[in-house]
1. Taking the Cα centroid of the stretch 92-116 and of the stretch 154-185, what is the distance between the two, rounded to the nearest whole Å?
2. Around Val33, which amide H atoms from residues at least 5 apart in sequence, or from another chain, sit under 5 Å from its own amide H, with H modelled in the peptide plane?
3. Where the centroid of each part is defined by its Cα atoms, how far is the stretch 38-75 from the stretch 275-319 in Å?
4. With a 10 Å radius around each residue's Cβ, average the other Cβ atoms per peptide and rank 136-143, 98-105, highest first.
5. Could you list, in their original order, any pairs among Lys95/Lys170; Lys7/Lys257; Lys7/Lys95 whose Cα atoms are separated by more than 31 Å?
6. Can you list residues from other chains, or at least 5 along the same chain, whose modelled amide H is less than 5 Å from the amide H of Asp89?
7. Restricting to DSSP loop positions (anything but H, G, I, E, B) with no more than 15 other Cβ atoms inside 10 Å of their own Cβ, which trypsin sites (Lys or Arg not before Pro) remain in the stretch 178-249?
8. With the crude spin-label approximation of a point 7 Å out along Cα→Cβ, what separation in nm comes out for Glu5 versus Arg110?
Amino acid sequence: MSRLESKRILVTGGAGFLGSHLCDRLIAAGHEVLCVDNYFTGRRRNVAHLLDNAGFELMRHDVTFPLYVEVDEIYNLACPASPVHYQHDPVQTTKTSVHGAINMLGLAKRTGATILQASTSEVYGDPTVHPQTEDYWGNVNPIGPRSCYDEGKRCAETLFFDYHRQHNMKIKVMRIFNTYGPRMHPADGRVVSNFIMQALRGEPITLYGDGSQTRSFCYVDDLIEGMIRLMESPDEVTGPINIGNPGEFSIRELAEKVIEMTGAKSELVFRPLPENDPMQRQPDITRAREILGWEPTVPLEAGLEKTIAYFRELVEEAA
Ligand code: NAD
Ligand code: UDP
């Protein structure tokens, strides 16, 4: 790639699960990447392999404080994504989404950078429309335990569209549905990492509620491809746009699949369903197909195989 095509790209939350995979892709494409993270849920080991690369720079920084750098593109991923982590310090979660968005939008305004927001299917809350299309406004509790994340992300979307209308900025809003893969934190409490770790350790698999609630699981490589396509789309494409895998599974089906694939002897145990836990979730990806020519390619079993291999290595390392 010539120096003209190579861009200076800021990835906030770059040491996290999705951020680290994004950094890999951007470095492989020949860009300069500034990875910013406060290591709340991310880890230096996720990007350790990139540290010797001349195009890669890692900076400890909290996005709730302003940042002055020169960049052409910003991917704003900073925010804990697991319910356990985002509920640990809910005030900080809202600050990260809202102050973080204001700071990064301010940076984009000054530099003229295109900015992409990692939004979420949680903006739909416990949806009454199924599958979820982007024009559905959602069913969100503003004062519950998930609200710091849901409303924080909704407010960030509002800010993105107001900056776009008021300051004519180049924005991209991506609504990410449950994504899994290597480099998820083994203790982050999300369902895929929990089930695999429990199975590999021979512990009981914890089903919250009766396990009939559904989720649609997207493998990380597919997700990152969609994210980059959205960033590279024409300026008039602002989103919001759903990116996720429409294959819908009950949580019980996922547990049974993990047990079968790991060969574990784990039993299923039932725990109370967390408050406001959405009962069903499935993306309508018509827009992504039509506008970005994107659709997922990795079936659940193939993705789980790679994810199980990653966690197996972690467990063996720790033994
Ligand atoms: P993650 O927790 O692995 O990564 C988030 C990263 O942001 C971490 O490295 C964390 O340390 C960092 N961070 C948190 N607060 C920060 C702050 N104030 N300043 C700087 N860095 C901060 O989660 P992930 O799954 O990689 O999610 C990345 C983004 O995608 C998040 O914004 C999340 O809301 C969004 N998202 C993810 C999913 C999913 O299924 N993985 C679904 C919907 C939306
Ligand atoms: N879940 C579960 N057992 C676990 C972890 C999660 O049954 O050990 C359920 C959780 O209640 C939810 C679904 O799995 O219905 C997905 O949870 P996750 O935290 O991964 O993400 P969410 O989509 O709820 O944000």
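1. Taking the Cα centre of the stretch 154-185 as reference, the centre of the stretch 92-116 is 10 Å away.
2. Ile9, Phe56, Glu57
3. 24
4. Details: 136-143: 12.9, 98-105: 22.0.
Top of the packing list down: 98-105, 136-143.
5. Numbers: Lys95/Lys170 23 Å; Lys7/Lys257 42 Å; Lys7/Lys95 29 Å.
Violating the 31 Å limit, Cα to Cα: Lys7/Lys257.
6. So Asp89 has HN proximity to no qualifying residue.
7. Values: sites: Arg183, Arg190, Arg201, Arg215, Arg229; in loops: Arg183, Arg190, Arg201.
In loop regions of the stretch 178-249 (DSSP not H, G, I, E or B), the sparsely surrounded trypsin sites (Lys or Arg not before Pro) are Arg201.
8. Distance between label points: 3.1 nm.
No lab work stands behind these numbers, since they all come straight from the coordinates. Since the structure is predicted, the reported quantities are computational estimates derived from the model, not experimental observations. Every residue, glycine among them, receives a Cβ derived from its backbone with ideal geometry; neighbour counts consider all protein chains shown.
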